[in-house]
1. Can you sort Arg72, Arg131, Arg7 by 1.4 Å-probe accessible area, starting with the largest?
2. For the stretch 109-232, treating each Cα as an identical point scatterer without solvent, what Debye log10 I(q)/I(0) comes out at q = 0.11, 0.13, 0.16 1/Å?
3. Report ³J(HN,Hα) in whole Hz for each residue of the stretch 213-230, in order, from the Karplus equation J = 6.51 cos²θ - 1.76 cosθ + 1.60 where θ = phi - 60°; Gly and Pro get x.
4. Under 20 Å Cα-Cα from Lys13, which lysines qualify once same-chain neighbours fewer than 8 residues away are excluded?
5. Specify, per residue and in Å³, the volume enclosed by the convex hull of the alpha carbon atoms belonging to the stretch 192-232.
6. Given H placed on each backbone N at 1.01 Å, which residues far from Gly101 in sequence or on other chains put an amide H within less than 5 Å of it?
7. From the convex hull of the Cα coordinates of the stretch 1-137, what is the mean projected area in square nanometres?
8. Taking a temperature of 25 °C and a viscosity of 0.890 mPa s, what whole-number D in µm²/s does Stokes-Einstein yield for the chain with Rh from Kirkwood over alpha carbon pairs?
Amino acid sequence: MTTTTLRMGLIRKKPEWTDDAFRSHWRESHGPLVAQLPALRAYRQNLVVDRLQRGIDFARGPWDFDGFSQLRFDEAARATEAFTNGELAAAIRADEQHFLGGLHIVTVEQTEVIALPAKPEGLLKRISLLRRPIAQSDEDFRREWKVHADHVRRMPGVSGYRQNVVVAREFEKGTPCAYVELPIDGIVELWFENTDMLDAAFASPQGQRTMAHARTFLAEITAFVVREHRVV
């Protein structure tokens, strides 16, 4: 398994923007603007299309987002520099203020547990935000999540699975914050052929064992079905 560092944006549109207007601007205007950043090696936009807790009986957290961005740079320092200095960075900030009502940033260490097929187009993708119990340490959470990966590997019908451990947080973009301000410990990416396969996977005996293990180290799972768009 390989580990990659990514910068993820947790995005809310302005309330007065319609879903269609937000989707169009994010994809057709903001995406090409961000794609010009130097040292940017990958950029994905994940538009939220469903907020149901499909297949899982678990407490849902307070988070509600309209999209998730995923950006990979040559190195973390280059990401900070790219979003801070120069006319392009200023233009990106101005555009964010134009159409976004909220933007949190997390830096994650991503591990690909189950590799996607060569052509993942058309698969259903789910992103879930995880929070550990208050009494549990960050170290215990990370250890148990690695154990959890083995449970997910044995579930039927999983087309792809990535774990994103949160290692840094910015409640306001550009300003590091404490855990209590943005208490998200991990972000899951799961792929299935369709919703029937998702439901069947979690309803299976192994799916039930997987969720039983999740209850031993998670307090909340907040799930979103998303439509992924590759910008870079």
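The values are calculated or read from the model by the stated rules, or taken from the named source; none is laboratory data. These numbers were taken from a predicted model, which means no experiment stands behind them. Side chains are part of the model used for accessible areas, which takes the heavy atoms of the whole protein and leaves out ligands, DNA and RNA. Shrake-Rupley method; radii C 1.70, N 1.55, O 1.52, S 1.80 Å.
1. Final ranking, largest accessible area leading: Arg72, Arg131, Arg7.
2. -0.40, -0.56, -0.83
3. The phi angles translate into 5, 4, 5, 7, 9, 10, 9, 9, 10, 10, 9, 9, 8, 10, 10, 8, 10, 8 Hz.
4. Correct list for Lys13: Lys173.
5. Spelled out: Cα convex hull of the stretch 192-232, divided by residues, is 112 Å³.
6. Those lying under 5 Å, H to H, from Gly101 are Arg12, Lys13, Lys14.
7. 10.5
8. This corresponds to a translational diffusion coefficient of 134 µm²/s.
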